[in-house]
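The values are calculated or read from the model by the stated rules, or taken from the named source; none is laboratory data. All figures in this text were calculated on a predicted structure; none of them were measured in a lab. So basically every Cβ, Gly included, is an ideal-geometry build from the backbone, and we count neighbours across all protein chains shown.
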Amino acid sequence: MNDYTHDSRKFILGGAIIIVLLVYIIRLFSLQVLSDEYKTKADSNAFYKKTIYPSRGLIYDRNGELLVYNQPAYDIMFVPREIKGKLDTLELCSALNITREDFEKRMEDVRNPRSNPGYSSYTQQMFMSRLSAEEFARFQEKLFRFPGFYVQKRSIRQYSCDAAGVILGDIGEVSPKRLKADSYYVRGDYIGTQGLEASYENVLRGKKGVEMLLRDAHGRIQGKYRSGALDTMPERGKDLTLSIDINLQRLGERLLKNKIGSIVAIEPSTGEVLCMVSSPSYDPHILVGRQRGANHKKLANDKRKPLLNRAIMGTYPPGSTFKTSQALTFLEEGIITENTPFPCHGGFVHAGLRVGCHPHPAPLPLIPAIATSCNGYFCWGLLRMLSSNKYGKVQKAMNVWRDYMVSMGFGYKLGVDLPGEVRGMIPNAQFYDKAYRASWNGLTVISISIGQGEVTLTPLQIANLCATIANRGTFITPHVVKSIENDTLADTYRTPRETMASRRSYEHVVAGMRQAVLAGTCRGANLPDIEVCGKTGTAQNKGKDHSAFIGFAPMNEPKIALAVYVENGGFGATYAVPIGALLMEQYLKGELSADSKIKAEEMQNRVIYYGEGER
Amino acid sequence: MEKGKDNILKSLDWTTVVLYLMLGTMGWLAICGASYSYIDTSVLEFFALTERTGKQAMWIGVSIIVGIVLMFIDKRSYEFSSRFIYVALILLGILTIFISRDIKGSRSWITIGSFGIQPAEFMKFGTTLALATIMNKYGFSISRRSDFLKCLAIILLPLVVIICQKETGSALVYLSFFIVLYREGMTGMVLFTAISAVVYFVVGIGYENIFFEELPVSVGHYAVTVLIQIFAIGMTAFWCKEKKTAATLLAVNIIVSLIAYWIAVYLFSFNILYVQYFLLLTDIVYLLIRARIDKQKMLVWTSLFIIVSTLFFHSCDYVFNNVMKPHQRVRIEVLLGLKEDLAGAGYNVHQSKIAIGSGGLFGKGFLNGTQTKLKYVPEQDTDFIFCTIGEEQGFAGSTFVLVVFIVFVLRLLRLAERQNDTFGRVYGYSLVSIFFFHFFINIGMVLGITPVIGIPLPFFSYGGSSFLGFSILLFSFLRIDADRDRRL
């Protein structure tokens, strides 16, 4: 019965079957082995990596007082598509304690592509941020009535002190630019934006943890993958202990109330900043909670710029406080000895140029010249240096001078551990060559010798000058963080830097500063049973003179060196000296005497009128 | 009786039985993988009858028992009762249309208690029997029109019934019987024409909107005209055995096409498609002339093939662009890879490719797949069961499964070929065709090669009726095979 004529067809059929098998195996190979595309797709399909946020490091002051901690806050989110036609607006407004207009405005802001570029009606949108626990509790009771509304818990910063706002800084949502640069962050993460929060971001933030969750085809979470075997725990941020003494900081801010200015105090032996005041200051509490936005706007628009840390961002003519650095340079360069006298006929008068000075006996050698802050003395000194044959040309001499200044920490950023520090200005030969077309001499630039003219410093640099004098020639880069939990400070904050002047020269300057307190311009800084050294400054500028003071104490084994700078305060002795004296007393004695308390009260209430202009 | 039983055990093809058991076991394990839930790790009772795995295990058991029972039914009983079985199953199928409940638009289920049965799965058995019986009749010849039409009727009747049950996928399986007819001597032209039609469609529509770099000519249309020429020349050479005529045509067509292309690109641009139509026309004329001279009737058929092909393609193109509804067009476009529609028509296949692709070389391990567990793949324990294997067993495991399945099909082909009579051979080839068609469509669909036609992978996809139906087909054939040397 066999039909032999079609027998060959079994091979055709068998061959076709085998060809199909081979095609399918090749296809499988390309899907499973050659291509990684599907593997990645499968992971993003099935795994939902839930980030577990670590708690941010806490911040303490040098005496262990807690300054900054974390507090839960709640953001109200909603999915526009889910609330459509279901929302009882009045009910919501009353639950959140907002007005109808407020509600409309918030809704408008969410939908406005300019204020909210990532808008999508399918995803969660921020309705209201940073509700406190109490506000949230009230809202949560009624949450079920508002389908499409969700609550997202976040951790925000809370402050247990009312001072040091600009130092502590602030956190905010990460910027798109940073987001692109650093893959650690995702949209909506908080990041330090100002102050220490920014400069110690990597220390404070800790390390995020990840929970591997399984998500089904409908986006529902179905539990942990491998019972959490691949999860990573978050590492909490490290705590910071500041070198700031919060009581000293508070007093500084109090004393500068109603004045614009800055105070920086440093522990000379360590470079630790004991207080860093920038006035006007603000209470960091106002940037917490629902009023944050409004308050922040107010601060940012304030003409007196309370958000500006003048201690490191403001540059001022140092005035007579700068004379100490000049004395060191001249002594070290052999331009003068401590016994060299210079005349002062009511100031520096030479070749038709006159730099005025207040009345005092003349001529004077160095130490009384420092004590009386003789302008003539330092003008003569600089003139002698810049016209000295020793250097050949004035340009050469100028740059030697510049090198001394730079070695004392001027002209460049000191490198403090806060963001936004500026470098100030120390002119060099090229600068003057350009300004005067190479035709200049010592007389042209004479005012820099008394801390005027082109020279500007930040209050931090002025304070560091004082600390350097207190240390007799060395300083450690000033820093605000004393220690990091389970970590060491950067080397720069532990290694001393030398200036170009020798200890011998410094001793003369110290003697001059001691003399100034005992019998010179800053007698007001004299404290009973503490050997205080000081130097006033009265810096000329367009308006009323700035009042400045540097001082350290005790003279031997100094514990504190500070600089006080009060804009338009007039004579150094008027504002800066008494403020400096009060701070030194507070720090060295731990509290103010009854007398000083009255003085502090009085100083706090003194108002300098600055007008309405932008500062 | 004792002696007979002994003979059965001895002459039974144990290779096939072992392959069957392997497939069944692997299939059941795949269903375990597909229905296992990550979350409820406590529920590991794969044999509980409330679980799909338990039900499937029960059906496997039932199938084996039925298989053993089938060992007692010899070939003669089938030949005798085939028409009754066929008619009864067709009637049951028609009855199903009316008494079944509507499940997702399908009317193919008869529910008895908590179990549902799909009569369509058993109609293959009836059709196979009927086909084998009728072709075994003395004097049957498939080239005789009446006999061919009888076969056609036997195949198409259940197909229509199942289409009425709204189970288009299962209905298409009946087309696989044409493979049997081919083996039994049906002219290869039928299959060849069908395959050509599919090729024209895929190439023509798939590349319709791609144009030559320098010329305003659709690559798809051009390719189809070239394909028609190639097929026609091939037919002339191998079917008509007119090598000389074929060589002439080949030379003329290649030379003219190249010259036309060269002129169009380098001299002046014109629509080279017209040259191809001109060539088709000259081919037809030449073939007709040669047919006249050589008295070769088959050359006339070849020229007819050219005409029908050209008309077919153009009507396809017209239907696709002007008659089809947008959603139908989308389905075809997705299939041809012209559109990515991952949320709609392409979702299943896309997710299925992700699941398989994520398996890698050695897979994620048994019960460790994520895509299938988390229900990304729809129908993952029925039509898309192969995804679970691909994801959990990787390339190594899934290739193994494919190879075992094809070895099983080829074994059946070998068994079919060794039958002494047409009945056994047709019966065997019906099995080969059915199993292979299921394999071809199901695996192809999961791999994104063939259209999404919802038919199960035999012995793997969850479903009692299908497992039992395939088992009945297989064991009845094994008994027929065991009987082949006996004179009955």
**Request:** Test each condition in (1) part of a loop (DSSP other than H, G, I, E, B); (2) crowded, with 17+ Cβ neighbours inside 10 Å for residue A:304 and report the one that comes out false.
**Result:** (2)
**Prompt:** Which of the following residues is more than 18 Å from residue A:214 (Cβ to Cβ) and at the interface with chain A (Cβ under 10 Å from one of its Cβ atoms): B:382, B:399?
**Reply:** B:399
**Prompt:** Take the residues of the range B:135-149 that are under 15 Å from residue B:182 (Cα atoms) and of a type in the set (D, E, K, R): which is modelled with the highest pLDDT?
**Reply:** B:147
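Among the residues in the range A:149-165, are any assigned to a helix (DSSP H, G or I) and surrounded by fewer than 20 Cβ atoms within 10 Å (Cβ to Cβ)? Give the derivation first.
Of the residues in the range A:149-165, the ones assigned to a helix (DSSP H, G or I) are A:165.
Retained after the next criterion (residues that are surrounded by fewer than 20 Cβ atoms within 10 Å (Cβ to Cβ)): none.
Looking for residues that are assigned to a helix (DSSP H, G or I) and surrounded by fewer than 20 Cβ atoms within 10 Å (Cβ to Cβ), one finds none in the range A:149-165, hence no.
If you check residue A:413 against the conditions, is it of a type outside the set (Ser, Thr, Tyr), touching a residue at least 12 places away in the same chain (Cβ under 8 Å), under 26 Å from residue A:495 (Cβ atoms) and not in a helix (DSSP H, G or I)? I'd like the intermediate steps shown before the answer.
Working: of a type outside the set (Ser, Thr, Tyr): yes; touching a residue at least 12 places away in the same chain (Cβ under 8 Å): no; under 26 Å from residue A:495 (Cβ atoms): yes; not in a helix (DSSP H, G or I): yes.
Criteria not met by residue A:413.
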**Item:** Cβ-Cβ under 6 Å pairs, at least 6 apart or on other chains, the range A:18-38 side at the interface with chain B (Cβ under 7 Å from one of its Cβ atoms), far side not in a helix (DSSP H, G or I)
**Value:** A:27/B:447; A:32/B:359; A:32/B:360; A:33/B:361; A:38/B:358
**Request:** Kindly indicate whether any position in the range A:476-491 is under 22 Å from residue A:339 (Cα atoms) and modelled with pLDDT of 85 or more.
**Result:** no
**Item:** Subset of the range B:148-186 [within 14 Å of chain A (Cβ to nearest Cβ) and either assigned to a helix (DSSP H, G or I) or within 16 Å of residue B:439 (Cβ to Cβ) (or both)]
**Value:** B:176, B:177, B:178, B:179, B:180, B:181, B:182, B:183
**Asked** From the set of residues in the range B:110-145 that are under 26 Å from the mean Cα position of the chain (by Cα) and small (Gly, Ala, Ser), which is surrounded by the fewest Cβ atoms within 10 Å (Cβ to Cβ)?
**Response** B:143
**Asked** Can you name the residue in the range A:448-465 that is at pLDDT 90 or above and not β-branched (Val, Ile, Thr) and is also surrounded by the most Cβ atoms within 10 Å (Cβ to Cβ) among such residues?
**Response** A:463
**Asked** Which of (1) closer than 30 Å to residue B:134 by Cα; (2) without any contact (Cβ under 8 Å) to a residue 24 or more places away in the chain; (3) away from chain A (no Cβ under 14 Å) does residue B:237 not meet, given it meets every other one?
**Response** (1)
**Item:** Single residue of B:411, B:425 found to be among the basic types (Lys, Arg), within 10 Å of chain A (Cβ to nearest Cβ) and assigned to a helix (DSSP H, G or I)
**Value:** B:425
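Right, residue B:364: assigned to a helix (DSSP H, G or I) and facing another protein chain (nearest Cβ under 10 Å) or not? Reasoning before the result, please.
Values: assigned to a helix (DSSP H, G or I): no; facing another protein chain (nearest Cβ under 10 Å): yes.
Criteria not met by residue B:364.
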**Asked** at the interface with chain A (Cβ under 7 Å from one of its Cβ atoms), more than 21 Å from residue B:56 (Cα to Cα) and assigned to a loop (DSSP other than H, G, I, E, B) - does that describe any residue in the range B:385-395?
**Response** no
